[in-house]
Amino acid sequence: MVEDLQRIIHTSAARKVDIQGQGGYDLQDGESGQQMYKGKAISRFLSLVDEFGQLLLVTDEEVEKLFGEEVVAALAELGHFDREGGICSSCGGDCCRDMGCELYTTLFKRCPIYDLRPIICRLHFCHRFDAGGKSLVIELRDLFFGCFRAVDFWDSGNLRSLDVPPLAGAPPELMSALLPIMTAVQQGSLDPERAAELIRCQARDYHSKYLRHKSLITPSALQGD
Ligand code: SF4
Ligand code: SF4
């Protein structure tokens, strides 16, 4: 799976998406009735992407600011399908493993930074979600690639941080705090729950450090539309 993601991200084979929100890519999901306008969401994302101090780790609120309520509604629909079927909880994170995430281990019950997980983790739903709305799954995948592929013509650190593995763009100071915790839990010298808690603390510190730099965030990013 990671090869597929990287191939699509790093080659020009992915579907071309009109970043201005015009053209033939504003599709309606025929299975669920959910409307999600990719072009509009990509355009909104690109208009805000450089107004955030960082986009490696994002909250639910930031996802809504970045992509808009239609995307949030699509995520909620698939999230509901997930909870009802226990889909991700019964899988245990195959996609996290396949993406080579540094924070993946079977020792954790779930992603240790779930509330701050990266954008790729939020927009990716595997084939097990097809019954919940295959076209929504595809739309969200295209949304991610449409946003990330803007890096081909837009020199933006925040765009580059959308890369795979999800923490590939993490600054050394964050990884040097996280990796020893992961090593300790994998070696059995640290309790997994305690390790997850420590990782969460580091992630929150990193996220709030950028929030404290208000000068990096313009009023429009804080207020949304
Ligand atoms: S999206 Fe798919 S592969 Fe990833 S955790 Fe959920 S069920 Fe597993
Ligand atoms: S950061 Fe993303 S890929 Fe890594 S464990 Fe969390 S959800 Fe999975």
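Just a few scattered comments:
- One residue alone among L107, L103, L116 is in contact (Cβ under 8 Å) with a residue 24 or more places away in the chain, of a type outside the set (V, I, T) and farther than 18 Å from Q54 by Cβ, and that residue is L107.
- Filtered residues of the range 67-111 (kept if in contact with a Ser or Thr (Cβ under 9 Å, 6 or more places away or on another chain) and either under 20 Å from G188 (Cα atoms) or polar (S, T, N, Q) (or both)): G92, R97, K109, R110
- Enumeration of residues in the range 86-118 that are in a loop (DSSP other than H, G, I, E, B) and either farther than 17 Å from A196 by Cβ or more than 9 Å from ligand 2 (Cβ to nearest atom) (or both): G86, G92, M99, G100, T106, L107, K109
- Unmet criterion (only one of (1) more than 16 Å from ligand 2 (Cβ to nearest atom); (2) without any contact (Cβ under 8 Å) to a residue 40 or more places away in the chain; (3) within 19 Å of the chain's Cα centre (by Cα)) for N158: (2)
- Among all positions in the range 132-155, there is at least one residue which is among the charged types (D, E, K, R) and under 19 Å from D94 (Cβ atoms).
- Which listed residue, of D163, D98, is within 11 Å of ligand 1 (Cβ to nearest atom), among the charged types (D, E, K, R) and in contact (Cβ under 8 Å) with a residue 40 or more places away in the chain: D98
- R117 meets each of the listed conditions (1) modelled with pLDDT under 95; (2) more than 15 Å from C147 (Cβ to Cβ) apart from (1).
The values are calculated or read from the model by the stated rules, or taken from the named source; none is laboratory data. Because the structure is predicted, anything quoted here is derived from the model rather than measured. Note that we place each Cβ from the backbone using ideal geometry, even for glycine, and neighbour counts take in every protein chain shown.
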